[in-house]
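J.: Structure below; questions to follow.
The values are calculated or read from the model by the stated rules, or taken from the named source; none is laboratory data. Keep in mind that this is a model prediction, so the values were computed, not measured. When we count neighbours, we look across all protein chains shown, and the Cβ atoms used for this are built from the backbone with ideal geometry, even at glycine.
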Amino acid sequence: MSKDISISKFSSKLSPKKRRFVLSILGFFGFFVRLIDFIYPKHKKTIIFGSNSGEFISGSPKALFEYMKEKHPEYKIYFFAPFNKNFSFCKLIKYILSFFPIFLKAKFLISSHPPSDFYPFDWSKRKVLINTWHGAPLKSMFFTDKGDTKSNLKWVIKLNKKTSIFLVSSKLESALLTECFLINPKKFCFTGQPKNDVLVKKQTKILKKILGKVPEYKKVILYAPTYRRGKVSKFFPFSDFDLKHLNNFLEKNKLIILLRGHVYNKELDKKYFSDRIISFGFDVCEDIYSILPEVDILITDYSSLYIDYLLLDRPEIFIPYDLEEYKRKRGLLVDDYEFWTPGYHISTYKEFIKAIKEILSGKDVYKNKRKEINKLFNYYQTDNSCEKVFRLIDNWRK
């Protein structure tokens with residue numbers, strides 16, 4: 001994830017000539033923003049939240065924002081999301097300019113995708129950046145990623161210097177992130193993730209409201225593969241795939257499958273959609289954690305979502321159809337993929353149906369393995385991570 005994502009969003013409505021002009025202005029703008037931010041008085045109870053490069057409101061920043069709004073109204077909190085609505089370029093500029101005084105005043109920034117959550121603003125060392133990140137890593141990132149760029153790695157080093165606190169859920173996660181970011185391990189705080197409080201509590205009941213009219217169902221399957229650089233992730237990548245059979249199987253067993261592409265692979269092949277195979281992208285639900293407790297089976301590959309889902313102690317199915325290619329081009333942070341992914345590993349449609357049938361029968365052969373891996377990745381996760389992070393903020397260098 002780099003700043004380039006936000007730059008492209010910011011200037012997508014411009015001609016190439018105007019785009020170059022705007023980007024050159026923004027370069028100078030960043031220097032002056034840092035200077036003004038260093039001088040401007042800070043209000044220690046003003047916090048700005050950001051996520052998904054300002055496009056979606058989700059993850060730990062969203063969970064913590066909602067928690068503080070309800071429990072700690074004495075704080076002035078704002079969510080910076082310039083790309084969340086389809087603003088014209090002029091309205092986008094107006095939104096950003098009106099937010100500028102708030103940004104200068106804020107003492108704390110809380111972010112899942114820094115620094116692009118706050119683009120085009122930059123900030124001085126007087127601000128406190130709390131990096132929640134957006135997932136415990138299984139796949140290689142940044143300094144461990146075989147295909148990352150020099151420009152990306154440069155901004156990671158800059159980001160490390162700007163980061164005051166990095167939230168993690170275990171010592172294993174901190175070790176993996178240290179390898180990826182080359183960040184000072186002393187910056188890690190073992191609070192668990194605010195977004196995962198809801199998974200420990202298992203209390204959401206909003207899926208039917210989001211879906212609207214759908215056939216009666218007994219179980220929900222979420223199919224959410226990870227991002228692949230330079231190509232779109234494949235759904236149902238089986239040579240023996242039978243879509244008609246799958247729809248009949250889902251109807252017979254009263255199941256629905258929610259198909260969710262990665263945020264950077266939003267387009268899904270419509271040929272899969274039916275009454276029981278439902279598009280569930282970011283246009284339908286920005287924050288997957290809001291409905292995750294209502295999901296009975298997770299299907300994925302290398303996505304960190306499976307690590308969070310372990311907190312629910314429910315079956316998982318893995319479809320690593322390009323595992324060797326993925327290892328070669330990007331890499332994984334762990335050597336034994338099968339050991340770290342406690343669930344069915346399948347490569348054919350026949351195996352896919354067999355795995356679901358076993359799960360529906362009540363057979364749970366990976367239960368003990370899930371508990372083992374969950375303890376390693378989510379050791380410090382409780383149902384009050386929001387409160388733990390709030391205390392960090394409230395006690396910051398008193």
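J.: Just checking, how many residues over the stretch 56-93 are over 16 Å from PRO115 (Cα atoms) and either part of a helix (DSSP H, G or I) or among the basic types (Lys, Arg) (or both)?
T.: Residues in the stretch 56-93 being over 16 Å from PRO115 (Cα atoms) and either part of a helix (DSSP H, G or I) or among the basic types (Lys, Arg) (or both): 17 in total.
J.: For LYS71, all conditions in the list (1) without any contact (Cβ under 8 Å) to a residue 40 or more places away in the chain; (2) surrounded by fewer than 15 Cβ atoms within 10 Å (Cβ to Cβ) hold save one; what is the number of the exception?
T.: Condition not satisfied by LYS71: (1).
J.: So, one more: Among the candidates ILE96, ILE102, single out the residue that is aliphatic (A, V, I, L, M), more than 30 Å from LEU332 (Cβ to Cβ), outside any strand (DSSP E or B) and touching a strand residue (DSSP E or B) at 6+ places or on another chain (Cβ under 7 Å).
T.: Numbers: ILE96 fails: touching a strand residue (DSSP E or B) at 6+ places or on another chain (Cβ under 7 Å).
Of the residues listed, the single one that is aliphatic (A, V, I, L, M), more than 30 Å from LEU332 (Cβ to Cβ), outside any strand (DSSP E or B) and touching a strand residue (DSSP E or B) at 6+ places or on another chain (Cβ under 7 Å) is ILE102.
For every residue, the table says whether it meets (1) assigned by TED's automatic domain parsing to the domain that holds SER290; (2) touching a Ser or Thr at 6+ places or on another chain (Cβ under 7 Å); (3) assigned to a strand (DSSP E or B).
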position	(1), (2), (3)
LYS186	no, no, no
THR204	yes, yes, no
LYS209	yes, no, no
PRO215	yes, no, no
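J.: Anything in the stretch 299-327 that is in a helix (DSSP H, G or I), charged (D, E, K, R) and in contact (Cβ under 8 Å) with a residue 40 or more places away in the chain? List them, or say none.
T.: ASP308
J.: Moving on. Hey, does the stretch 216-235 have a residue that's surrounded by fewer than 18 Cβ atoms within 10 Å (Cβ to Cβ), within 24 Å of VAL334 (Cα to Cα) and of a type in the set (Asp, Glu)?
T.: Within the stretch 216-235, none of the residues are surrounded by fewer than 18 Cβ atoms within 10 Å (Cβ to Cβ), within 24 Å of VAL334 (Cα to Cα) and of a type in the set (Asp, Glu).
J.: In the stretch 334-375, what count of residues is obtained for those that are part of a loop (DSSP other than H, G, I, E, B) and under 20 Å from SER239 (Cα atoms)? Explain how you work it out, then say what you get.
T.: Here is the first cut: in the stretch 334-375, the ones part of a loop (DSSP other than H, G, I, E, B) are 334-336, 341-343, 346-348, 361-366.
This time we only want the ones that are under 20 Å from SER239 (Cα atoms), so: 346-348.
Selection size over the stretch 334-375: 3.
J.: Taking into account only those residues within the stretch 80-90 that are surrounded by 14 or more Cβ atoms within 10 Å (Cβ to Cβ) and over 19 Å from ASP283 (Cβ atoms), which is nearest to the chain's Cα centre (by Cα)? Working first, answer last.
T.: Of all residues in the stretch 80-90, those surrounded by 14 or more Cβ atoms within 10 Å (Cβ to Cβ) come to 80-84, 87, 89.
Now restrict to residues that are over 19 Å from ASP283 (Cβ atoms): 80, 89.
Values: PHE80: 17, PHE89: 27 Å.
Across the stretch 80-90, the extreme among qualifying residues is PHE80.
J.: Out of the stretch 78-88, which residues are over 23 Å from ALA63 (Cα atoms) and touching a helix residue (DSSP H, G or I) at 6+ places or on another chain (Cβ under 9 Å)?
T.: The answer is PHE87, and nothing else.
J.: Related question: Test LEU250 against the stated conditions and say whether it is outside any loop (DSSP other than H, G, I, E, B), out of contact with any helix residue (DSSP H, G or I) (no Cβ under 9 Å at 6 or more places or on another chain) and either buried (at least 19 other Cβ atoms within 10 Å of the Cβ) or not assigned by TED's automatic domain parsing to the domain that holds TYR349 (or both).
T.: Spelling it out, LEU250 is indeed outside any loop (DSSP other than H, G, I, E, B), out of contact with any helix residue (DSSP H, G or I) (no Cβ under 9 Å at 6 or more places or on another chain) and either buried (at least 19 other Cβ atoms within 10 Å of the Cβ) or not assigned by TED's automatic domain parsing to the domain that holds TYR349 (or both).
J.: For the stretch 37-55, name all the residues that are at pLDDT 95 or above and either surrounded by 19 or more Cβ atoms within 10 Å (Cβ to Cβ) or part of a helix (DSSP H, G or I) (or both).
T.: ASP37, PHE38, ILE39, ILE47, ILE48, PHE49, GLY50, SER51, listed by residue number.
J.: Moving on to the next point. Which residue out of GLU74, GLU66 is charged (D, E, K, R) and either within 27 Å of CYS285 (Cα to Cα) or in contact with a Cys (Cβ under 9 Å, 6 or more places away or on another chain) (or both)? Even if it seems obvious, please write down each step before you answer.
T.: Values: GLU74 fails: either within 27 Å of CYS285 (Cα to Cα) or in contact with a Cys (Cβ under 9 Å, 6 or more places away or on another chain) (or both).
GLU66 is the lone residue from the list that is charged (D, E, K, R) and either within 27 Å of CYS285 (Cα to Cα) or in contact with a Cys (Cβ under 9 Å, 6 or more places away or on another chain) (or both).
J.: Right, another one. Could you tell me whether VAL284 is part of a loop (DSSP other than H, G, I, E, B) and either at pLDDT 95 or above or surrounded by fewer than 16 Cβ atoms within 10 Å (Cβ to Cβ) (or both)? Break it down into steps so the answer makes sense when it comes.
T.: Numbers: part of a loop (DSSP other than H, G, I, E, B): yes; either at pLDDT 95 or above or surrounded by fewer than 16 Cβ atoms within 10 Å (Cβ to Cβ) (or both): yes.
Criteria met by VAL284.
J.: Next question, about the same structure. Given the criteria in contact with a helix residue (DSSP H, G or I) (Cβ under 7 Å, 6 or more places away or on another chain), more than 29 Å from SER60 (Cα to Cα) and of a type in the set (A, V, I, L, M), does ILE353 qualify? Show your work before the answer.
T.: On the way: in contact with a helix residue (DSSP H, G or I) (Cβ under 7 Å, 6 or more places away or on another chain): yes; more than 29 Å from SER60 (Cα to Cα): yes; of a type in the set (A, V, I, L, M): yes.
For ILE353, the condition - in contact with a helix residue (DSSP H, G or I) (Cβ under 7 Å, 6 or more places away or on another chain), more than 29 Å from SER60 (Cα to Cα) and of a type in the set (A, V, I, L, M) - is met.
J.: Please state which one of SER164, SER124 is assigned to a strand (DSSP E or B) and surrounded by fewer than 19 Cβ atoms within 10 Å (Cβ to Cβ).
T.: That would be SER164, the only listed residue that is assigned to a strand (DSSP E or B) and surrounded by fewer than 19 Cβ atoms within 10 Å (Cβ to Cβ).
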